[in-house]
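The values are calculated or read from the model by the stated rules, or taken from the named source; none is laboratory data. None of these values were measured; they are calculated from a predicted model. No Cβ is skipped: glycine too gets one built from the backbone with ideal geometry, and neighbour counts run over all protein chains shown. Surface accessibility is based on the protein's heavy atoms, side chains included, excluding ligands, DNA and RNA. Shrake-Rupley method; radii C 1.70, N 1.55, O 1.52, S 1.80 Å.
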Amino acid sequence: MTVTDTRAEPGEKSRAGGPIVQVRGAYRDYPMGQETVHALRGVSIEIARGDYVAIVGPSGCGKSTLLNLLGVVDRPTRGQVLIEGRDTAAMRDREATEFRLRNIGFVFQRFYLMAMLTARENVELPMAEAGVGTAERVARARELLEYVGLKARERHRPGELSGGEQQRVAIARALANRPGLLLADEPTGELDVRTGAEIIDLFRRLNRDGTTVVVVTHDLELAAAARRTIQMRDGQIVAQLGDGRIVAQSAL
Amino acid sequence: MIGILAAASLRRHPARTVLAILGVAVAGALLLDMVMLGSGMRESFRRFLLVQNFQLRIAPKGTLPMDTEATIDSASAILRTLRSNPDIVAVTPVLGAQIHVLQGTQALTSFAVGIDQSTEADYQLEAGANVALPDRIVANAAFFSAMHVAIGDTVDVATGFDPQLRTYTGRRRLVLTGRGRFFYTSAEQPVAAVPLATMQAMGGPSRTDRVSLVLARVRDSANADSAAAWVDRAIPRVTTISTDAALRQVDERMGYFRQLAVILAAVSLVVGFLLVTTLVTVSVNERLGEIAVMRAIGVRRGRIVQQIVLEGVALSLIGAIAGLGLGLVTARYLNAILSDFPGLPSTFHFFLFQPVAAVRSLGLLVVAGILAGAYPAWRAASLPIAGTLRREAIA
């Protein structure tokens, strides 16, 4: 197995046609004071295993809400979200937590590393939660840090790392439990262009090595790196572009 | 890993954590002191009464032991009656009286007890020898200091003073055979012990075969209260009080003191609880985003609760341990101040360290720490992940 191998059945990963994500007519409404905000309005998408999808659109169009549904940190008000074939709405909190731990990797715009833990300890955190033994998780954390190019920085705390390095540690953490699906919310949002490009390369490499990647972004370069782009507006999908076609800047 | 994260959270703002620990330590010290005061005075009094393991004190009818100058006549007959009870295994008579120690034109007025030479019921010998023979005297350090005398010296002692004739009566020269620590009198008060027969003889006919008090030791398997009741029935002219009965009276009289201690202990516990709750709540509020991310990456609610409760417990435990030391130091200081109160026996303590009191205080603070962490932990564990992440992103 390589560091980016997922828990999927052997051969399944390479079978691009098997959907890892199925969203069917998903709505998400939020009460806000007396008003109701309709963040998603009947969104339906399918993401194949091994795909690399960028979700783009203007601020407030529902990108992050959709990502939260895919990450099982939120449930649709109506409709159905199936991840790895499982209906997330039917999951109880404990089940959803366990599902996220083992099947989904999260990367956030602000990295959210634990400030007092070293890079390696941050990567170990999800493995410790999953009950992986100390020796095994130390070895895997080192392997992952090497994969993201930070082998020499394993003992450094986040405060001692640059933004790009912190994001790479966060990516290593997201891969810790070999998730089938990697979700990233504006992963280059806090980075300069050069560092952002390194992260884009890293996502491309991750996908090439078999990880299904879904990113929410305003970053044209990051969106262009994806195999498929989903364009959203006002809580709806307005366009889906494939094969690396770059969407217009106005769409972002 | 949870322990590492809890420790990391506390290390994030070291100055704040140290201040909180100091606050808990002060609350813990007050709690320990109040627990020591609440239970210590009673325990100290119990030990004080049982210092020589005499559970019964037999005094003239209607009086408390050594409370008045009243005496019991026909002491020999009383001792015989007491010894006839198989539950009473030892008796020792005591005759207390004021004495005047004469030195040239000076006279030191002191208190003396006439005792049965076979028992050291009133004092513990520190140097020299007991009053094994007539006309011998053992005194405390304050006596030696006031009279500028040494063991082996002879002192001129009188038991009475006639103010009209300005003459001393019942005079006798006594040899100082030893120095003792007297249990029932304050360390500063000069006090002495002489053989009972000598004391009775010095007192003249009015003291013949009279005693102020009889101490009685009850067999371990016997009930002291029952024995006391038997004595009161067998010898109607005496009042017998057992250690338990004395403690019950102390409990009644000192009830307000214990209530005060309980109230202050509760206040210190609440202060410690609020301090830890506030600190942990502030700490949790500062890292809502971090907690939401932990939940998002698959950290269970229970683990978040454990981590936050652990932070509260760690603060309380470290504060409690520091408070234990601080409490012992302050208790010692306060005890020294209160023990200087005139007339208090040297063996009596207000603050008595008892391991059980320390464990109780530690336990209460740890429980307070668990409860203090419970609210912020519940709040953190029930965070809506998506909503919190959204708010963090907007912020």
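Of the residues making up the stretch B:330-353, one or more are surrounded by fewer than 19 Cβ atoms within 10 Å (Cβ to Cβ), at pLDDT 90 or above and in contact with a Phe, Trp or Tyr (Cβ under 9 Å, 6 or more places away or on another chain). Those helices (runs of 4 or more DSSP H) of the stretch B:1-119 in which 1 or more residues are within 27 Å of the chain's Cα centre (by Cα) and not small (Gly, Ala, Ser) occupy B:14-49.
Pairs are defined by a Cβ separation below 8 Å, a sequence spacing of at least 6 or placement on different chains, a first member in the stretch B:82-97 that is under 11 Å from B:Ala227 (Cβ atoms), and a second member that is open to solvent by 10 Å² or more (accessible area, probe 1.4 Å) and of a type in the set (D, E, K, R); the pairs so defined are B:Pro86/B:Arg219; B:Asp87/B:Arg219; B:Ile88/B:Arg217; B:Ile88/B:Arg219; B:Val89/B:Arg217; B:Val89/B:Arg219. The sole residue among B:Leu364, B:Leu371, B:Leu383 that is in a loop (DSSP other than H, G, I, E, B), modelled with pLDDT of 85 or more and either open to solvent by 50 Å² or more (accessible area, probe 1.4 Å) or within 14 Å of chain A (Cβ to nearest Cβ) (or both) is B:Leu383.
When B:Arg390 is tested against (1) more than 14 Å from chain A (Cβ to nearest Cβ); (2) modelled with pLDDT under 85; (3) surrounded by 14 or more Cβ atoms within 10 Å (Cβ to Cβ), only condition (1) is not met.
Cβ-Cβ contacts under 9 Å between residues 6 or more apart (or on different chains), taken from a first residue in the stretch B:290-304 that is more than 7 Å from chain A (Cβ to nearest Cβ) to a second residue that is crowded, with 20+ Cβ neighbours inside 10 Å and of a type in the set (Asp, Glu), are listed as B:Met294/A:Glu129.
Under the condition of being open to solvent by less than 30 Å² (accessible area, probe 1.4 Å) and either assigned to a strand (DSSP E or B) or at pLDDT 90 or above (or both), the residues counted in the stretch A:1-21 number 2.
Residues checked against (1) of a type in the set (D, E, K, R); (2) within 27 Å of B:Ala246 (Cβ to Cβ); (3) open to solvent by 10 Å² or more (accessible area, probe 1.4 Å); (4) touching a helix residue (DSSP H, G or I) at 6+ places or on another chain (Cβ under 9 Å):
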{"residue": "B:Thr154", "(1), (2), (3), (4)": "no, no, yes, no"}
{"residue": "B:Asp162", "(1), (2), (3), (4)": "yes, no, yes, no"}
{"residue": "B:Thr167", "(1), (2), (3), (4)": "no, no, yes, no"}
{"residue": "B:Gly170", "(1), (2), (3), (4)": "no, no, yes, yes"}
{"residue": "B:Thr177", "(1), (2), (3), (4)": "no, no, yes, no"}
{"residue": "B:Ala187", "(1), (2), (3), (4)": "no, yes, yes, yes"}
{"residue": "B:Val194", "(1), (2), (3), (4)": "no, yes, no, yes"}
{"residue": "B:Val214", "(1), (2), (3), (4)": "no, yes, no, yes"}
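Considering the stretch B:171-270, the qualifying helices (runs of 4 or more DSSP H), each wholly inside and each with 1 or more residues that are of a type in the set (Asp, Glu) and touching a strand residue (DSSP E or B) at 6+ places or on another chain (Cβ under 9 Å), run over B:224-234.
Scanning the stretch B:120-131 for residues that are in a strand (DSSP E or B) and either touching an Asp or Glu at 6+ places or on another chain (Cβ under 6 Å) or open to solvent by less than 10 Å² (accessible area, probe 1.4 Å) (or both) returns a single hit, B:Tyr123. Checking each residue in the stretch A:169-191 for being under 21 Å from B:Glu392 (Cβ atoms), of a type in the set (D, E, K, R) and open to solvent by 30 Å² or more (accessible area, probe 1.4 Å) picks out A:Asp185, A:Glu190. Here A:Tyr112 passes the criteria (1) buried (at least 24 other Cβ atoms within 10 Å of the Cβ); (2) more than 11 Å from chain B (Cβ to nearest Cβ) except the one numbered (2). For the stretch B:54-75, the set of residues classified as surrounded by fewer than 14 Cβ atoms within 10 Å (Cβ to Cβ) and either closer than 30 Å to B:Phe353 by Cβ or of a type in the set (S, T, N, Q) (or both) consists of B:Thr68 only. Determine if the stretch A:71-93 includes at least one residue that is facing chain B (nearest Cβ under 9 Å), more than 30 Å from A:Arg233 (Cβ to Cβ), open to solvent by 10 Å² or more (accessible area, probe 1.4 Å) and not polar (S, T, N, Q). Looking for residues that are facing chain B (nearest Cβ under 9 Å), more than 30 Å from A:Arg233 (Cβ to Cβ), open to solvent by 10 Å² or more (accessible area, probe 1.4 Å) and not polar (S, T, N, Q), one finds at least one in the stretch A:71-93, hence yes. Among the residues of the stretch A:222-244, just one is more than 11 Å from A:Ala54 (Cβ to Cβ), at pLDDT below 90 and assigned to a loop (DSSP other than H, G, I, E, B), namely A:Asp243. Applying the criterion of being charged (D, E, K, R) and buried (at least 21 other Cβ atoms within 10 Å of the Cβ) to the residues of the stretch B:294-318, the residue that is nearest to A:Arg178 (Cα to Cα) is B:Arg295.
Taken over the stretch B:313-352, the criterion of being without any contact (Cβ under 8 Å) to a residue 60 or more places away in the chain and under 26 Å from B:Gly180 (Cα atoms) is satisfied by B:Arg332, B:Tyr333, B:Asn335, B:Ala336, B:Ile337, B:Leu338, B:Ser339, B:Asp340, B:Phe341.
All conditions in (1) within 14 Å of chain A (Cβ to nearest Cβ); (2) open to solvent by 20 Å² or more (accessible area, probe 1.4 Å) hold for B:Arg258, with the sole exception of (1). List every residue pair whose Cβ atoms lie under 6 Å apart, where the two residues are 6 or more positions apart in sequence or sit on different chains, the first residue falls within the stretch B:1-25 and is more than 23 Å from B:Leu324 (Cα to Cα) and within 11 Å of another protein chain (Cβ to nearest Cβ), and the second residue, located anywhere, is assigned to a helix (DSSP H, G or I) and among the hydrophobic types (A, V, I, L, M, F, W, C). Cβ pairs passing all conditions: B:Met1/A:Ala128; B:Ala6/B:Leu310.
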